[in-house]
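Worksheet for the structure shown next.
The values are calculated or read from the model by the stated rules, or taken from the named source; none is laboratory data. As the structure is a computational prediction, the values presented were derived from the model and not from experiment. Here Cβ is always computed from backbone atoms with ideal geometry, including for glycine, and neighbour counts include all displayed protein chains.
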């Protein structure tokens, strides 16, 4: 029972973390290795405004999302667009960017990690498991965002255009969709999602200059195992990974927690490269 | 092979300069060059695999780490003499190379990069958990036997190793084999279409890369005298290797060497002015801007400068500048 | 050229350069310039050097400090040590490095034979290296009590406070997967039951990158133990803040490095009440003797950024640099035989109200510590037997309260407050 509750909560958070990464990967076909840095930026922005300057929490969250969005847009304009079409160059330059952002965080905030106060304080015992309102809020928040995103992609004009670009960029361009604009919007949304996830993730764990690696790995795992272009797939896989981690900790050995995720990535990539739910193979 | 006189001349000049360096610079600088030499070896190893075939490896520290850890464990825990430990480490790394090769049978592009990243993370976690009595766990190991003492000896060893690796890889890449590997990077289908076994070619590239990585890793650990998982299986280490290869100029041999020297000296020369964290920020920014400006690397910049210099001097001397272009391309 | 001749030549060369260019004595700092740990050592050394220079320097020369950043990375640590040794040719190195970074540059220390003092690393494995190979390790000193001594005294705390005062009989150990964690865990597991009467019912080892402790705390609760013994020396912010956020209904004490600094309260946004940790001396909440107090006053007047209060290693660096310079004065330089002998004999006892309060001295090379029955050459002299008259205790236990204050709760001699558990834990 504890495993189910903790697994559900953790998986919701993982799904949110992975979503922004999935979007970019599906629409732009590039791996944004600086994605983890969005989470870090979101967390630190929220920390600066809400915890240090005393801005209300919701406003802090919005500010974090805004900064994330701006960073996403800038990244698209300054890095991705000039390197158009060269996936390797985008991957490498985003990796360099992540290291640069890490250095900037160390420079501004120092090496030592910081703890975010819970967005909603308090704790409740459910069937012997301690559940913080904070994580509960993060999980509910991530479900709301996920459903909203699903609706956006399926029902709105912009969302459908995104889907079109994701499936066939040239075809979409011929039918009057501007792929550049769609990409721009996607990078912005991805940045905002990443930064929001970062606030939840950091309030659950901690803020530190190296915090970008762990969520990046989670996002990578979800995208690889889920396959590109599938929001539902990403959601299911986030749950597989979340439950696998919680089970590993509770029943096997806590120190092997991450090992199973890595093994899953490797196995799936070798056996079914298009991912469990993906519709195509990436070239 | 298509060797020309200026190839010999340039290599001779390169070796001569490397041999004379200890007479010209201070010991502190020699120490910096030693790190640059090792980084150059790692970057060459990365380049042989990723620069040529286009299979981008984000897990190179995985291979280097196998070499380093194998040799460290053998000498420190089992008292194996270094002269046996290093070949054993290289063999182990080649086994690791085969492991990395397996996914390359089915996937490529970004997916391949990610699976190698997963390999690196996996071994990072396993090294700390499995048999910490052998690996030293999180703290790693210290007091590993070193091959040399003193900056000058360390320099000669690392420089000879680097020159031998660079020269042999350069010769190898000038054979038809090297051409075929580059062709895979451009269009794997057409290579297969022309009747060559891409699988065998790729396996060869992976094994060669692993061989160099293992060799470099083993010598590196016996230079450092210590090893820690956090220093090896680390995104920052990976970053330095890849950026060295790319900033210098991928798919050339001298490019990664130039890149390695550039990065190492950049970081060290910033030290007296910016002792703290801002050093890494500036360093990363310079790398990013340089890479964005010229993804083909410093070697391309040099070659452009060379060409424009010649064409300015005599506009009719096209032959000359062509030859100069070839010259730098060839290296 | 054989290795030995080259070393001797190198030593001669550096001696010649030192005497030729010797307008000054160079002290090198190695450590992270962006962590509280590194900055404590750096600033402690800076203050000591300022005071020494005001008094005319050492050997008639002024002292200058050169910094080398390790960014807490072992390979960067090696480069930093080489930079100090060969580019700057320093006479003495003061280190605020963390364990794996110190272990990274130790082979360089053995090669260059530069007098080096570590103020943060407490790994007893390094002391073992001195025992095994005194000749090459002898320029190395560690003026913090080794982790083994920390654990031994901690058992007494278990007996006197956890067992007798709190009435706790069983414990679940929550250990970060590090060599330090493993060593402490081994010592504690072996000694708690026979010496303190506390039974270890479960041991949970977790990876240092763990950032979700909910399942671990569930497992700890399921074990039915009376309290959690935490051993976390690397990444302890997360575990302690999640303990507070999850309001885990059992007491938790142990080793928690994040709780050592005055900034702990601020960093955790106040989610630190009820956390306790063992700490080397001095610590937050520790009553200071006049000399150490004067040091803190100077420190706080000089530095306005974090850490606002130096960690224990800042004190170690302050006294350690002064002792190293005094040893150089006695030995006539930093020659590694005469300086080492002089350094081994350094001894400062700081008193408060007539009682021995802190002591900066080293164990004799063959001196056997009575409780652990082993030698600790070049390790800070500590006293782990009441009434702690011989030297400082190896550790004290600090307690954070829910109002943001902190106090020392053990041993009795240094006590300024009471051991407690968070308000949500049923007593």
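Six or more apart or on different chains, Cβ atoms under 6 Å: show the pairs whose first residue is in region B:70-82 and touching a residue at least 60 places away in the same chain (Cβ under 8 Å) and whose second is assigned to a helix (DSSP H, G or I) and surrounded by fewer than 20 Cβ atoms within 10 Å (Cβ to Cβ).
Pairs found: B:73/B:134; B:75/B:82.
I'd like the full set of residues that are within 12 Å of residue B:21 (Cβ to Cβ) and touching a helix residue (DSSP H, G or I) at 6+ places or on another chain (Cβ under 6 Å), limited to region B:136-161.
B:151, B:152, B:155, B:158, B:159
Could you list all residues from region B:132-155 that are closer than 27 Å to residue B:57 by Cα and more than 8 Å from chain C (Cβ to nearest Cβ)?
Correct list: B:135 only.
Against the definition (buried (at least 20 other Cβ atoms within 10 Å of the Cβ) and at pLDDT 85 or above), how does residue A:23 come out, yes or no? Reasoning before the result, please.
Values: buried (at least 20 other Cβ atoms within 10 Å of the Cβ): yes; at pLDDT 85 or above: yes.
Yes, satisfied.
Since residue A:277 meets every condition but one in (1) in contact with a strand residue (DSSP E or B) (Cβ under 6 Å, 6 or more places away or on another chain); (2) away from chain C (no Cβ under 14 Å), which condition does it not meet?
(1)
Somewhere in region A:145-163, is a residue without any contact (Cβ under 8 Å) to a residue 24 or more places away in the chain and either buried (at least 19 other Cβ atoms within 10 Å of the Cβ) or within 14 Å of chain B (Cβ to nearest Cβ) (or both)?
Looking for residues that are without any contact (Cβ under 8 Å) to a residue 24 or more places away in the chain and either buried (at least 19 other Cβ atoms within 10 Å of the Cβ) or within 14 Å of chain B (Cβ to nearest Cβ) (or both), one finds at least one in region A:145-163, hence yes.
Let me confirm something: among C:218, C:232, which residue is within 16 Å of the chain's Cα centre (by Cα) and either over 26 Å from residue C:155 (Cβ atoms) or within 13 Å of another protein chain (Cβ to nearest Cβ) (or both)? Explain how you work it out, then say what you get.
Numbers: C:218 fails: within 16 Å of the chain's Cα centre (by Cα).
Result of the check over C:218, C:232: C:232.
Do you know which of the residues in region B:113-131 that are farther than 14 Å from residue B:230 by Cβ and more than 8 Å from chain A (Cβ to nearest Cβ) is surrounded by the fewest Cβ atoms within 10 Å (Cβ to Cβ)?
B:131
If residue C:288 satisfies every condition in (1) over 17 Å from the mean Cα position of the chain (by Cα); (2) in a loop (DSSP other than H, G, I, E, B); (3) over 21 Å from residue C:153 (Cβ atoms); (4) away from every other protein chain (no Cβ under 14 Å) but one, which is the exception?
(3)
Which condition number in (1) under 22 Å from the mean Cα position of the chain (by Cα); (2) surrounded by fewer than 18 Cβ atoms within 10 Å (Cβ to Cβ); (3) more than 25 Å from residue B:80 (Cβ to Cβ); (4) without any contact (Cβ under 8 Å) to a residue 12 or more places away in the chain is the one that residue B:171 fails?
(4)
Say whether the condition of being touching a strand residue (DSSP E or B) at 6+ places or on another chain (Cβ under 9 Å), closer than 30 Å to residue C:387 by Cα and assigned by TED's automatic domain parsing to the domain that holds residue C:324 is met by at least one residue in region C:108-115.
No, there is no match, as no residue in region C:108-115 is touching a strand residue (DSSP E or B) at 6+ places or on another chain (Cβ under 9 Å), closer than 30 Å to residue C:387 by Cα and assigned by TED's automatic domain parsing to the domain that holds residue C:324.
Among the residues of region A:1-22, is any more than 19 Å from residue A:121 (Cβ to Cβ), more than 14 Å from chain B (Cβ to nearest Cβ) and outside any helix (DSSP H, G or I)?
Yes, region A:1-22 contains a residue that is more than 19 Å from residue A:121 (Cβ to Cβ), more than 14 Å from chain B (Cβ to nearest Cβ) and outside any helix (DSSP H, G or I).
Tally the residues that are within 21 Å of residue B:117 (Cα to Cα) and part of a helix (DSSP H, G or I), restricting the search to region B:219-241.
From region B:219-241, those within 21 Å of residue B:117 (Cα to Cα) are B:227-241; that's our starting set.
In the following step, the residues that additionally are part of a helix (DSSP H, G or I) were identified as B:229-232, B:235-241.
Final tally of qualifying residues: 11.
I'm trying to understand the selection: among the residues of region B:88-106, which are within 14 Å of chain A (Cβ to nearest Cβ) and either touching a residue at least 12 places away in the same chain (Cβ under 8 Å) or in a helix (DSSP H, G or I) (or both)? Lay out the reasoning, then the answer.
Of all residues in region B:88-106, those within 14 Å of chain A (Cβ to nearest Cβ) come to B:96, B:98-106.
If the condition is that a residue be within 14 Å of chain A (Cβ to nearest Cβ) and either touching a residue at least 12 places away in the same chain (Cβ under 8 Å) or in a helix (DSSP H, G or I) (or both), then B:96, B:98, B:99, B:100, B:101, B:102, B:103, B:104, B:105 are the ones that fit.
Going by the conditions given, is residue C:78 assigned to a helix (DSSP H, G or I), surrounded by 20 or more Cβ atoms within 10 Å (Cβ to Cβ) and within 12 Å of chain B (Cβ to nearest Cβ)?
On the way: assigned to a helix (DSSP H, G or I): yes; surrounded by 20 or more Cβ atoms within 10 Å (Cβ to Cβ): yes; within 12 Å of chain B (Cβ to nearest Cβ): yes.
Yes; evaluated as a whole, the condition is true for this residue.
Residues checked against (1) within 24 Å of residue C:416 (Cα to Cα); (2) in the same structural domain as residue C:238 (by TED's automatic domain parsing); (3) buried (at least 24 other Cβ atoms within 10 Å of the Cβ):
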{"position": "C:270", "(1), (2), (3)": "yes, yes, no"}
{"position": "C:295", "(1), (2), (3)": "yes, no, no"}
{"position": "C:300", "(1), (2), (3)": "yes, no, no"}
{"position": "C:303", "(1), (2), (3)": "no, no, no"}
{"position": "C:310", "(1), (2), (3)": "yes, no, yes"}
{"position": "C:316", "(1), (2), (3)": "yes, no, yes"}
{"position": "C:331", "(1), (2), (3)": "no, no, no"}
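Looking for something away from every other protein chain (no Cβ under 14 Å), out of contact with any strand residue (DSSP E or B) (no Cβ under 9 Å at 6 or more places or on another chain) and either surrounded by fewer than 19 Cβ atoms within 10 Å (Cβ to Cβ) or in contact (Cβ under 8 Å) with a residue 40 or more places away in the chain (or both) - is there at least one such residue anywhere in region A:128-140? Explain how you work it out, then say what you get.
Start the filter on region A:128-140 by keeping residues that are away from every other protein chain (no Cβ under 14 Å), which leaves A:140.
Now narrow it down to the ones that are out of contact with any strand residue (DSSP E or B) (no Cβ under 9 Å at 6 or more places or on another chain): A:140.
This time we only want the ones that are either surrounded by fewer than 19 Cβ atoms within 10 Å (Cβ to Cβ) or in contact (Cβ under 8 Å) with a residue 40 or more places away in the chain (or both), so: A:140.
Among the residues of region A:128-140, at least one is away from every other protein chain (no Cβ under 14 Å), out of contact with any strand residue (DSSP E or B) (no Cβ under 9 Å at 6 or more places or on another chain) and either surrounded by fewer than 19 Cβ atoms within 10 Å (Cβ to Cβ) or in contact (Cβ under 8 Å) with a residue 40 or more places away in the chain (or both), which makes the answer yes.
Identify all residues within region C:214-226 that are more than 12 Å from residue A:250 (Cβ to Cβ) and crowded, with 22+ Cβ neighbours inside 10 Å; write none if there are none.
C:225
The conditions are (1) touching a residue at least 40 places away in the same chain (Cβ under 8 Å); (2) within 9 Å of another protein chain (Cβ to nearest Cβ), and residue A:72 fails exactly one of them. Which is it?
Condition (2) is where residue A:72 drops out.
So which helices (runs of 4 or more DSSP H) stay within region A:73-187 end to end and still have 3 or more residues that are modelled with pLDDT of 85 or more? It would help to see each step written out before you state the result.
On the way: elements: A:87-109, A:133-155, A:157-167, A:169-174.
Answer list for region A:73-187: A:87-109, A:133-155.
Can you name every residue in region C:131-166 that is touching a helix residue (DSSP H, G or I) at 6+ places or on another chain (Cβ under 7 Å) and over 24 Å from residue C:185 (Cβ atoms)?
Scanning region C:131-166 gives C:136, C:137, C:138, C:139, C:140, C:141, C:143.
Would you mention how many residues in region C:97-152 are within 13 Å of chain B (Cβ to nearest Cβ) and assigned to a loop (DSSP other than H, G, I, E, B)?
So the answer is 7.
Could you say whether any residue in region B:51-70 is touching a strand residue (DSSP E or B) at 6+ places or on another chain (Cβ under 8 Å) and part of a helix (DSSP H, G or I)?
yes
Can you tell which of B:252, B:264 is in contact (Cβ under 8 Å) with a residue 24 or more places away in the chain, part of a loop (DSSP other than H, G, I, E, B), surrounded by 16 or more Cβ atoms within 10 Å (Cβ to Cβ) and touching a helix residue (DSSP H, G or I) at 6+ places or on another chain (Cβ under 8 Å)?
Values: B:264 fails: part of a loop (DSSP other than H, G, I, E, B).
After applying the criteria, what remains is B:252.
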